[in-house]
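No value in this document is a laboratory result; all are computed from the given coordinates. Keep in mind it's a predicted model, so treat the numbers as computed, not measured. When we count neighbours, we look across all protein chains shown, and the Cβ atoms used for this are built from the backbone with ideal geometry, even at glycine.
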Amino acid sequence: MSRPVWTGVLSFGLVSLPVALHSATDSHTIRFHQLQRGTADRIRNRRVNERTGDEVDNAEIVKGFDTGGEYVIVEPKELDDIAPGRSKAIEVSGFVDLDTVDPIFFDKTYYLGPRGEQHGTVYALLQRALAESNKAGVATFVMRGREYLVALKAEDDLLTLHTLHWADEIRDPHREVPDLPSKTDPPAAEVKMAHQLIDTLTTDWNPEDFRDTFQEKVKALIEAKVAGEAVEKAEPAARPTGAVDLMDALRASVERARSPKDTGGKATTAVAGKTREEKKPAAKKPAAKKRATAHGSARGKPLMALTKAELYEKAAAAGIEGRSTMNHDQLARALSADGG
């Protein structure tokens, strides 16, 4: 059981509820000590007086605001005096529809519990009312010398408190992000294929399906170094998809991610962390049937005259293996060998 990070009173209207705030998340990040290279000597951060070089005890440190050559000194107690009681109260100013709060405003999540069994009835009442109305209470409170804007939500059978960014802390993406695409409509065929890919890869949200693979690799790296073993390097990052190859990449992605009922195959391939089935290669056409060549097909149109997209569609229908990695000429030759 964790110790509360804050205790106080939650108030809405004339109703007051003593509450305790608990951290809702924990970090599993592997932490390293800083060492001087070639030694086992720890490197530590210390609070040092820059004039004398002497280390300063935390109790002797005060806050100072630079006014341009001089400092205005502020004691911790003075910060409490300008807002008496604010550090002990969460005051709900109103309730808003939860769906209207943009996710970008959410920062950190805390569990909010009643401080004592005798307050369970009031706590349960507020939790149920918020859950049934799909609303969030908006409030402010002070913790550790800082004021927070928060949203009070109902989660399953408890209340959660989410710290929010202030409006002036949200950056304008059009000023911060260079190279945003202009407002141009992509080709309808590409939009349709992108929708098809999204639909094919759509699944139920289950956070247990995901894990921090980077931390696992960090642990494996440490274990390998302890054992004196060689460390296997990861594959290089994927190259960007060019605009010319976008349609082919989308089509290949859809083909690779299709479910067994769409492809009718038995072979499997790993897609998005799950095992899916791939289409079996189509049976070879009877030898008696006229075969196609790279320069002429059974239907009369030369394969070499077809676009890569048209060749890919034919290769998909014929079950040509490895088609997603083939160029135009390789697709034509593979179709020719298969009978077009």
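In table form, for the structure just shown:
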item	result
Listed peptides 190-198, 246-254, 55-63, 176-184 by packing density, highest first (mean Cβ within 10 Å)	246-254, 190-198, 55-63, 176-184
Neighbour-count ranking [beta-carbon atoms within 10 angstrom, fewest first] of Tyr123, Tyr111	Tyr111, Tyr123
Partner aspartates and glutamates for Lys217 [C-alpha distance under 12 Å; skip if fewer than 8 residues away on the same chain]	Glu232
Label-point separation in nm, Lys192 to Asp172, each point 7 Å along Cα→Cβ	3.9
Hits among aspartates and glutamates - C-alpha to C-alpha of Lys192 under 19 Å, sequence gap 8 or more where chains match	Asp245, Asp248, Glu255, Asp262, Glu310, Glu313
Stretch gain in nm, segment Thr203-Asp57, where the contour uses 0.36 nm per residue and the Cα spacing is subtracted	47.1 nm
Dimensionless Rg ratio for region 160-229, taking C-alpha atoms and the 2.2 N^0.38 Å reference	1.94
Per principal axis, descending, Cα span of region 13-160 in whole Å	60, 42, 34
Packing-based exposure ordering (other Cβ within 10 Å, fewest first) of Trp205, Trp6, Trp166	Trp205, Trp166, Trp6
Val122-Asp185 pseudo-label distance in nm [points 7 Å out on the Cα-to-Cβ vector]	5.8
Residues Arg239 and Asp99, FRET efficiency given R0 of 45 Å [Cβ-Cβ distance, rounded to 0.05]	0.70
